[in-house]
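Reading through the structure tokens given below for one structure.
The values are calculated or read from the model by the stated rules, or taken from the named source; none is laboratory data. In this text, all values refer to a predicted model and were calculated from it rather than measured experimentally. As a convention, Cβ positions derive from the backbone with ideal geometry for all residues, glycine included, and neighbour counts pool all protein chains shown.
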Amino acid sequence: MLQQRGALTFNEISQQNESWTDTLKIVNEKMAELVSWFSKEAFNQVVFTGSGSSFHAAGVSSIFFGNLTGVATSWFPAAEVFSLPRLPFDVRRKTLVVVFSRSGETQETAWAISRIKEKVASTKFLLITPNSSGPLAELCDQHIFLPKAKEESHVSTKAYTSMILALKLLTAVLMKNTSLYNELMSLPGKLEIKKFQKEIQKVVGVKPVHLVVCGNGIYYPHAMEGSSLIKKMSSISAESNYTSELRHGDANHTTQTMIAVLLSGEAMRKADGQIISDLAQTKCHRLVVCDKSDNRLGLSDFIVEIGSGLSDLTRDLLYVPVLQELAFYLSVSKAYNADKPKHVHYAVTWKEHF
């Protein structure tokens, strides 16, 4: 079956460590140029944007960059530039816009860049994309091209994680954080896809009709991406939420046909455990993704342990393939083709400008 329907997606999920290795090499080779550019421009505001999965990548990157550097950051969908009379960031600051695009040709992203340039000519743009030939490259001042992250499937997997990894490595060098840099360089060797396949297949065996994917902090945009992938690949109802928000009413809607997926980091482990225990009383199935399980994580039906030994700032990328595999095997269980889900296109196009 995997050699027919969904083969591209499955291979792109499984081969992410190769894409990550190439990403680290490319960013390191371009690092001196990028660091010199950042030093010269002296940005005091960095905003992150993209569409679809690239918007979720922007969210992870914004939280990560802001926490590490202390520089003001924000993130927004590219189309949001057109929804308000003012731009969605402080135009008085020296601003860098970091643009993520899986295809390198996202039309609303190109229009957003053009509009920002019209409003604030001094704004600079850094594009991170697998595709060097798309129209976005001509609109941006600096680029990080990741050719091995380019995908054939209609859903984003290795492009999503590779673009985030590129931004993280650049940030580590800008901040001269050697320990973080070394952790990021070790990531490709830490990814073991086969390690959690059996547990994911057990989760799929529950035959859920609804999923909620949850995380706090840097894990929340990953939860958004996970729920989106589940809907795209399997057409099963899914949503995302902050884990901490489940205690404020959302847990009342859980049922025995639902799975709550919790991305658990070290900072909120005890609180996550309490929420998992609360969910157990509702009979909702619980899947916890963590680095190493202990009694603070409460009562879980399923546990995927990554076992990386890395910090929260790094290991979040190792959680993402778990969500990707979950979405993939849910699609297999429904005999869908994950490579070409219904109404999902490799690059979204518009007939006219907003």
Inset, instruction - Might you check whether a residue that is closer than 30 Å to Ser235 by Cα and surrounded by fewer than 16 Cβ atoms within 10 Å (Cβ to Cβ) occurs anywhere in region 145-155? - result: yes
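Listed residues Lys40, Lys25; which is more than 21 Å from the chain's Cα centre (by Cα), in the same structural domain as Ile144 (by TED's automatic domain parsing) and assigned to a helix (DSSP H, G or I)? Show your work before the answer.
Numbers: Lys25 fails: more than 21 Å from the chain's Cα centre (by Cα).
Going through Lys40, Lys25 in turn, the sole match is Lys40.
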Legend entry - The lone exception for His248 - which of (1) over 18 Å from Ile303 (Cα atoms); (2) in contact with a helix residue (DSSP H, G or I) (Cβ under 8 Å, 6 or more places away or on another chain) it fails: (2)
Inset, instruction - Would you please name the residue that is nearest to the chain's Cα centre (by Cα), looking only at residues in region 2-22 that are more than 21 Å from Lys195 (Cβ to Cβ) and not in a helix (DSSP H, G or I)? - result: Arg5
Legend entry - Single unsatisfied condition, Ala280 versus (1) in the same structural domain as Met258 (by TED's automatic domain parsing); (2) farther than 19 Å from Thr255 by Cβ: (2)
Inset, instruction - Taking the residues in region 180-191 that are touching a residue at least 40 places away in the same chain (Cβ under 8 Å) and surrounded by fewer than 18 Cβ atoms within 10 Å (Cβ to Cβ) as candidates, determine which candidate is farthest from Thr257 (Cα to Cα). - result: Met185
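Residue-wise test of (1) modelled with pLDDT under 60; (2) in a loop (DSSP other than H, G, I, E, B); (3) not small (Gly, Ala, Ser).
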| position | (1), (2), (3) |
| --- | --- |
| Asp316 | no, no, yes |
| Tyr319 | no, no, yes |
| Gln324 | no, no, yes |
| Tyr329 | no, no, yes |
| Ala335 | no, yes, no |
| Lys340 | no, yes, yes |
| Tyr346 | yes, yes, yes |
| Glu352 | no, yes, yes |
Inset, instruction - Run Ser227 past the list (1) within 27 Å of Thr314 (Cβ to Cβ); (2) in a loop (DSSP other than H, G, I, E, B) and report the number of the one that doesn't hold. - result: (2)
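Among the listed residues Gly134, Gly70, Gly104, which satisfies the condition of being without any contact (Cβ under 8 Å) to a residue 24 or more places away in the chain and closer than 28 Å to Leu24 by Cβ?
Working: Gly134 fails: without any contact (Cβ under 8 Å) to a residue 24 or more places away in the chain; Gly104 fails: without any contact (Cβ under 8 Å) to a residue 24 or more places away in the chain.
Going through Gly134, Gly70, Gly104 in turn, the sole match is Gly70.
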